[in-house]
1. Return the pairs, sorted by first residue and then second, in which the second residue is modelled with pLDDT of 90 or more and not β-branched (Val, Ile, Thr), the first residue lies in segment 1-24 and is surrounded by fewer than 10 Cβ atoms within 10 Å (Cβ to Cβ), the beta carbons are less than 6 Å apart, and the residues are 6+ apart or on different chains.
2. Kindly list the number of the only condition in (1) more than 19 Å from the chain's Cα centre (by Cα); (2) assigned to a helix (DSSP H, G or I); (3) not assigned by TED's automatic domain parsing to the domain that holds GLY15 that fails for ASP181.
3. When you look at GLN107, is it within 30 Å of LEU138 (Cβ to Cβ), in a helix (DSSP H, G or I) and under 19 Å from the mean Cα position of the chain (by Cα), yes or no?
4. Restricting to segment 37-72, count the residues that are free of Cβ contacts under 8 Å to residues at least 24 places away in the same chain and touching a Leu at 6+ places or on another chain (Cβ under 9 Å).
5. Can LYS146 be described as surrounded by 11 or more Cβ atoms within 10 Å (Cβ to Cβ), in contact (Cβ under 8 Å) with a residue 12 or more places away in the chain, out of contact with any strand residue (DSSP E or B) (no Cβ under 7 Å at 6 or more places or on another chain) and among the basic types (Lys, Arg)?
6. If a residue must be farther than 15 Å from LEU190 by Cα and at pLDDT 90 or above, how many such residues does segment 153-171 contain?
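The values are calculated or read from the model by the stated rules, or taken from the named source; none is laboratory data. Predicted model only: the values in this text are computed from it and were never measured. For neighbour counting, all protein chains shown are included, and Cβ atoms are generated from backbone atoms with ideal geometry for every residue, glycine included.
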Amino acid sequence: MATNPASLSPPIFNGEQYHVWAVKIKTYLRGHSLWQYVEEERQIPQLRANPTLNQIRIHEKEVAKAPRALSCIHSVVTDQVFSRVMACDTPKEAWDKFREEFGGSSQTRNMQILNLRREFEVLKMQETENVKEYVDRLMNVVNKIKLLGEELTNQRIVEKVLVSLPERFEAKISSLEDSKDLSQISLAELVHSLQAQE
């Protein structure tokens with residue numbers, strides 16, 4: 001049974017976890033062809049002289065998109081958050097206000113990334129932990145880093161998993177090294193191989 005995309009409800013922002021909300025609302029607005037009105041203050045060209053009825057309808061739809069995008073942004077925030085952007089006249093202005101207030105300065109983001117990278121580096125798999133639990137913990141940190149705009153390659157994540165495994169996986173790692181170039185293995189392949197041993 002197919003779902004109507006218009007029936008999907010947008011994510012509500014209450015002032016917490018801005019970076020997660022920002023990704024979700026961008027996707028939501030893209031799905032409704034409104035993101036370009038948030039990303040840039042897009043100017044709609046004037047109608048030519050003697051437009052056809054179809055050209056008038058298309059123009060009216062385009063003119064309505066920026067106010068619709070702003071209305072959408074207003075409707076997906078709590079009243080407390082709305083009070084911060086209610087004076088904004090354009091969706092871009094509201095978006096920039098959110099980013100400035102909730103996204104943090106570049107210095108704050110850099111400190112968060114530094115702390116998360118440190119957490120990533122020291123994360124080890126516990127003896128009592130299974131592969132899925134460890135990878136879930138690791139990917140939680142990786143995703144937080146990505147939300148802040150920093151990328152970690154698949155190869156770096158795979159290397160981290162390999163060096164963080166307890167001794168009980170040594171035989172499996174050796175057999176993987178014999179059969180594959182570990183710099184080319186995906187995280188999913190590695191996890192499935194390790195889970196097969198558990």
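1. Going by the 6 Å Cβ cut-off, the qualifying pairs are PRO5/GLY31.
2. Against the list (1) more than 19 Å from the chain's Cα centre (by Cα); (2) assigned to a helix (DSSP H, G or I); (3) not assigned by TED's automatic domain parsing to the domain that holds GLY15, ASP181 comes up short only on (2).
3. The answer is no for GLN107.
4. 3
5. Here the answer is no, as LYS146 does not meet what is asked.
6. Result for segment 153-171: 0.
Results for (1) within 30 Å of GLY103 (Cα to Cα); (2) aliphatic (A, V, I, L, M); (3) out of contact with any His (no Cβ under 6 Å at 6 or more places or on another chain); (4) assigned by TED's automatic domain parsing to the domain that holds ASN110, shown as yes or no for each residue.
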{"position": "ASN130", "(1), (2), (3), (4)": "no, no, yes, yes"}
{"position": "ASP136", "(1), (2), (3), (4)": "yes, no, yes, yes"}
{"position": "VAL141", "(1), (2), (3), (4)": "yes, yes, yes, yes"}
{"position": "VAL158", "(1), (2), (3), (4)": "yes, yes, yes, yes"}
{"position": "LYS172", "(1), (2), (3), (4)": "no, no, yes, yes"}
{"position": "ILE185", "(1), (2), (3), (4)": "no, yes, yes, yes"}
